[in-house]
Each structure stands twice: as C-alpha cells, then as structure tokens.
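This report concerns only the one structure given below.
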Amino acid sequence: MDAASYIAIYLPIFILLFIVIMDIKVSNRVSLKNSRKRLCKKYACAEGELYKMNNEIITALIGKTCTITTGNSFAGTIIGKITKVADNWIEVETKKCTELVNMDYVIDVKVKQ
C-alpha cells in the first residue's frame, strides 16, 4: 500500500478520535461548572462568585475529616483532615502526608462524621 491509501484509511479514524476526546473534555468542564453552581446555590454565594469555591465555606470545615473530590483525573478524591485554608489553597492532612489542594479544582466536599 502506498502513502495515499494509509492517509485515506487512517485520517478519518484520527479525526473521529479527536472529536470524541474533545467532547469528553467539554462535558467534564460543563459538569464541573454545574456542580459548582449547585454548591453556591446551597450556600447562597454572591452572583459574581458563582463559579468560585468560597473560602468561608471551607474554613468552617477546619479540623474536620472530609472527602474532597477534585476535577483532576490523577487525584480524584482526597480523604483527610482539613488543617489550613490560605488564599486559594486547602491544606489536607492525610494518613500518609500533607497535601495542598487548589480550590479551583474542588468539585465536592463531604464531611465524614
């Protein structure tokens, strides 16, 4: 087979894979925004703070054991005690180490009782 045959066969497959991957990224971004909207409606955030996690909400949870879900595919959930909240970062003390989580990527916070 020559190069033109390979291009005619494999190029449409690559284009379809690219479209599917981009669709998954867009749907993840939309679900992240929707979950933040629900959280802000629950805690009555101001209109301008609609898509940002509020520091006051997280500072109320200092000292409690929580499960933090992030939008990152590598570190999806972090279970530990919230020790400190500074600027846009949450310091979480887990069993193994102390982790810093950026609040821009936090989707959900669940308090363990």
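Select from the range 60-74 the residues that are under 24 Å from Ser31 (Cβ atoms) and touching a residue at least 24 places away in the same chain (Cβ under 8 Å) and list them in ascending order. Outline the logic, then answer.
Pass one, the range 60-74, residues under 24 Å from Ser31 (Cβ atoms): 61, 66-74.
Within the range 60-74, Leu61, Cys66, Thr67, Ile68, Thr69, Thr70, Gly71, Asn72 meet the criteria.
Name every residue in the range 23-75 that is basic (Lys, Arg), closer than 24 Å to Glu99 by Cβ and modelled with pLDDT under 80, in order of residue number.
Scanning the range 23-75 gives Arg29, Arg36, Lys52.
What number of residues within the range 95-113 satisfy the criterion of being outside any strand (DSSP E or B), in contact with a Lys or Arg (Cβ under 9 Å, 6 or more places away or on another chain) and surrounded by 12 or more Cβ atoms within 10 Å (Cβ to Cβ)? Walk me through how you get there before you give the answer.
Taking the range 95-113 first, the residues outside any strand (DSSP E or B) are 95-97, 103-105, 112-113.
Narrowing further to those that are in contact with a Lys or Arg (Cβ under 9 Å, 6 or more places away or on another chain): 103-104, 112-113.
Retained after the next criterion (residues that are surrounded by 12 or more Cβ atoms within 10 Å (Cβ to Cβ)): 103-104.
Result for the range 95-113: 2.
The values are calculated or read from the model by the stated rules, or taken from the named source; none is laboratory data. Keep in mind it's a predicted model, so treat the numbers as computed, not measured. No Cβ is skipped: glycine too gets one built from the backbone with ideal geometry, and neighbour counts run over all protein chains shown.
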